[in-house]
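Before any comments, here is the structure.
The values are calculated or read from the model by the stated rules, or taken from the named source; none is laboratory data. These numbers come from a predicted model, not from an experiment. Backbone-built Cβ (ideal geometry, glycine too); neighbour counts: all protein chains shown.
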Amino acid sequence: MSVHIGLMIWKEMKQKDISVSDIAVDLKVSKTKAQELLNTATIDILTLVRISEILNYNFFSYYETGKIFSKIELHEKNKLTEEVGRLKALLNEKNKALELQETLNKIQLSTISLLEKGQFR
């Protein structure tokens, strides 16, 4: 899939009535450099992130249908699912430990009460 990302950015700028000068200021580059970005078919990721934030538009969506993004997305989803499972298991262990601690506290209070009754007889 071939995407001319500069053209996509330019279209979004026109829809939002944002000038090349405005983008240049936000990106902290010269107006010439900003114009070059719009004329190019490729762009580095960090710059695309910044432009996406400035224009409040996900320009990465043009690439998401590709195989590489599908594989990355699936891999990330699997990693997150594993992490959620691990965290749930830790939470269950923590809850069991808290229940045991609560039971121990009750036993200790009961023991203290019995000892106090024995001392004052």
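For the range 1-113, which fully contained helices (runs of 4 or more DSSP H) count at least 2 residues that are surrounded by 10 or more Cβ atoms within 10 Å (Cβ to Cβ) and in contact with a Phe, Trp or Tyr (Cβ under 8 Å, 6 or more places away or on another chain)?
On the way: elements: 5-15, 20-27, 31-39, 45-55.
Where helices (runs of 4 or more DSSP H) fall fully within the range 1-113 and carry at least 2 residues being surrounded by 10 or more Cβ atoms within 10 Å (Cβ to Cβ) and in contact with a Phe, Trp or Tyr (Cβ under 8 Å, 6 or more places away or on another chain), they are 5-15, 45-55.
Is it the case that the range 36-57 has a residue that's among the aliphatic types (A, V, I, L, M) and over 27 Å from the mean Cα position of the chain (by Cα)? Before you say what the answer is, go through the steps one by one.
Restricting attention to the range 36-57, the residues satisfying the condition of being among the aliphatic types (A, V, I, L, M) are 37-38, 41, 43, 45-46, 48-49, 51, 54-55.
Now narrow it down to the ones that are over 27 Å from the mean Cα position of the chain (by Cα): 38, 41.
Within the range 36-57, one or more residues are among the aliphatic types (A, V, I, L, M) and over 27 Å from the mean Cα position of the chain (by Cα).
Going by the structure shown, is Thr111 at pLDDT 95 or above and among the hydroxyl-bearing types (Ser, Thr, Tyr)? Lay out the reasoning, then the answer.
Working: at pLDDT 95 or above: no; among the hydroxyl-bearing types (Ser, Thr, Tyr): yes.
Answer is no for this residue.
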